[in-house]
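For reference, the structure discussed in these notes is given below.
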Amino acid sequence: MTEQVLARRSIGGRWVLVGALLAALLLLGVYDVAVLTVLTKWWQRMLAAVGLRQQVEALQQNISGSVVKRPLPVVATYAVGYLSICLLLLRLLLPAAAQWRLVLRLYAGTLAVYVALVVLGKLAGDAQWAYRLSRQLLDFVVSPLPVAGLYVLLRSGFGARAAA
């Protein structure tokens, strides 16, 4: 096969993968309650099997309901899975190394701000404003909006100017 045919197949395969990841994000967003319910049951069984269920429940009681409304391992699993799909999608859509590094820095910075707000809320005596703000930030990050925004900004040339 010629290099042009192989290149076209590679590009076609990339777009199929992009479509599959977009479908996964859509399904996770539409069926988030069902996914979280399944994850909750799975984590309860796993933690009970290794004898850590009581410790995790005790830890959960010390966390404000404004930060997370579901068990922490469940929320963490969902967030890591969703963010992984978002980052994979952005990696496929933005193949330039400089753009990819910028995406990683933006996501890491946003998550650092989230953690700082949670810690600030705890240090300020369970400050609800900090918890609410951190929750809104996390809800934004674990959504397709940053993916769409970063794609548009970086494809329009913003990433090239920022990397220079």
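The values are calculated or read from the model by the stated rules, or taken from the named source; none is laboratory data. As the structure is a computational prediction, the values presented were derived from the model and not from experiment. Virtual Cβ from ideal backbone geometry, glycine too; neighbours counted across all protein chains shown. When the accessible area is computed, the model is the full protein with side chains, heavy atoms only, and any ligands, DNA or RNA have been set aside. Shrake-Rupley method; radii C 1.70, N 1.55, O 1.52, S 1.80 Å.
General remarks:
- Dipole magnitude of the chain about its Cα centre (Cβ charges: Lys, Arg +1; Asp, Glu -1), debye to nearest 20: 220
- Charge dipole of the chain about the Cα centre (unit charges at C-beta), most positive-ward option of Ser143, Gly29, Ser84: Ser84
- For region 79-95, the Karplus equation 6.51 cos²θ - 1.76 cosθ + 1.60, evaluated at θ = phi - 60°, returns couplings of 5, 5, x, 5, 5, 4, 5, 4, 5, 4, 4, 5, 5, 6, 7, 10, x Hz by residue, with Gly and Pro reported as x.
- With one equal scatterer per alpha carbon and no solvent term, the Debye-computed log10 I(q)/I(0) for the chain at 0.20 1/Å reads -1.30.
- Heavy atoms of the protein chains alone define the surface here; on that basis region 81-164 has 55 Å² accessible area per residue at 1.4 Å probe size.
- The shape of region 73-164 can be summarised by an equivalent ellipsoid whose semi-axes, obtained from the alpha carbon gyration tensor, come to 28, 15, 10 Å from longest to shortest.
- Here region 51-113 and region 17-44 have alpha carbon centers that stand 14 Å from each other.
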